[in-house]
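Peer 1: Mind having a look at this structure? Questions to follow.
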Amino acid sequence: MKTRILTAIPLIAVVVVVLYFRGVVLAATIAAISCVAVFEMAKALKEKELNPLVWVCYIYAVACAVFTYFFGLTYALPLLMGFVVIAMSVSLLDSKFQVPDALATVGILVYPVTFLSILLALGLKEKGLFYIVMAIGSSVICDTFAYFTGMLFGKRKLCPEISPHKTIAGAVGGTVMTMILLPFVTLLFGGNFHLTNMLTWLCIGFICAIFAQFGDLFASFIKRWCGIKDYGKIFPGHGGVMDRVDSIMFTSVIIYIFVAVGVI
């Protein structure tokens, strides 16, 4: 616990600085995070004897951040299709790569790289600070209160075959507290929460909390399949980059959908 807290303090400070400047600083940060995430995912998949084309993924990680910064997701998504074609074509030219390797490469291009570019796209919008705080805030609130609720009241396991420490009580506690706290957190960053739209915000908090936990569980699902405990050791007490952004990637997609359809 002490190690987690000591690591979290400078990590929060870095996030605050990046969100303050946003723009090119956020784009560069997402590009760097994407590259580390590619490394961690490729390393994990190699435990299952998969050999993704990491150099293609690294180039795409940087290119996706650049395209998203200058053009938004409008051009970033066709870029993804282009790199998928490149990955498939290159795998045909090198006998070392098999069909599972090509599919693993495509998987990394989508998750985590394209997911992270959606977080960047949110942050670059006119109300980007508001949107990105919602994506990160819902994940952090849910994760924090799920941890403490599960520690205090958790008896029945949620899905022990995927994540042995998660409990039903923790999942409920994290969801409820996200519904309660997310509207008030967003008020500080340009939100329009008031009593007349309370139901809408409760629903947003509920959906974000559910998918934050799905994001966490999906990353854990991959870890268990690969037979590893954490994706990395870059953050003492927290694991690797993928261990920190797993739920944020899912909530950023949900927030982006809400923005796209005009709910927020």
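The values are calculated or read from the model by the stated rules, or taken from the named source; none is laboratory data. The model shown is predicted, which means the values in this text are computed figures rather than measured ones. Note that each Cβ is placed from the backbone with ideal geometry, even for glycine, and that neighbours are counted across all protein chains shown. For accessibility, only protein heavy atoms count, side chains too; no ligands or nucleic acids. Shrake-Rupley method; radii C 1.70, N 1.55, O 1.52, S 1.80 Å.
Peer 1: Restricting attention to the range 153-172, which residues are among the hydrophobic types (A, V, I, L, M, F, W, C), surrounded by fewer than 20 Cβ atoms within 10 Å (Cβ to Cβ) and not in a helix (DSSP H, G or I)?
Peer 2: Across the range 153-172, the qualifying residues are Cys159, Ile162.
Peer 1: Take the range 14-54 and flag every residue that is among the aliphatic types (A, V, I, L, M), more than 30 Å from Ile228 (Cα to Cα) and open to solvent by 70 Å² or more (accessible area, probe 1.4 Å).
Peer 2: Val16, Val17, Val24
Peer 1: Being surrounded by 15 or more Cβ atoms within 10 Å (Cβ to Cβ) and farther than 30 Å from Thr29 by Cβ: is that true of Ile132 here?
Peer 2: The answer is no for Ile132.
Peer 1: Name the one entry in Ile168, Ile132 that is of a type in the set (Val, Ile, Thr) and in contact with a Lys or Arg (Cβ under 6 Å, 6 or more places away or on another chain).
Peer 2: Step by step, each of Ile168, Ile132 is checked, and only Ile168 is of a type in the set (Val, Ile, Thr) and in contact with a Lys or Arg (Cβ under 6 Å, 6 or more places away or on another chain).
Peer 1: Also, I was wondering about something else. Restricting attention to the range 177-189, and to residues there that are within 21 Å of the chain's Cα centre (by Cα) and assigned to a helix (DSSP H, G or I), which single residue is surrounded by the most Cβ atoms within 10 Å (Cβ to Cβ)?
Peer 2: Thr178
Peer 1: Can you run down the residue pairs with Cβ atoms below 9 Å, 6 or more apart or on separate chains, where the first is in the range 227-251 and farther than 25 Å from Thr175 by Cα and the partner is among the polar types (S, T, N, Q) and open to solvent by 10 Å² or more (accessible area, probe 1.4 Å)?
Peer 2: So the pair list comes out as Phe235/Thr7; Pro236/Thr3; Pro236/Thr7.
Peer 1: Here are the criteria: (1) in contact (Cβ under 8 Å) with a residue 24 or more places away in the chain; (2) in a helix (DSSP H, G or I). Tell me which single one Leu50 does not satisfy.
Peer 2: (2)
Peer 1: Also, quick follow-up: Name the single residue, out of those in the range 55-74 being in contact (Cβ under 8 Å) with a residue 40 or more places away in the chain and either β-branched (Val, Ile, Thr) or on the phi > 0 side of the Ramachandran plot (or both), that is most open to solvent (accessible area, probe 1.4 Å).
Peer 2: Of everything passing the filter in the range 55-74, Gly72 is most open to solvent (accessible area, probe 1.4 Å).
Peer 1: For the range 75-114, give me the residue count where each residue is closer than 20 Å to Ala42 by Cα, assigned to a helix (DSSP H, G or I) and either of a type in the set (Lys, Arg) or open to solvent by less than 50 Å² (accessible area, probe 1.4 Å) (or both).
Peer 2: 18
Peer 1: Here is a further query. Anything in the range 218-233 that is open to solvent by 50 Å² or more (accessible area, probe 1.4 Å) and assigned to a helix (DSSP H, G or I)? List them, or say none.
Peer 2: The answer is Phe218, Phe221, Arg224, Trp225.
Peer 1: Something else about it: Residues that are part of a helix (DSSP H, G or I) and surrounded by fewer than 16 Cβ atoms within 10 Å (Cβ to Cβ): does the range 234-256 have at least one?
Peer 2: No: zero hits.
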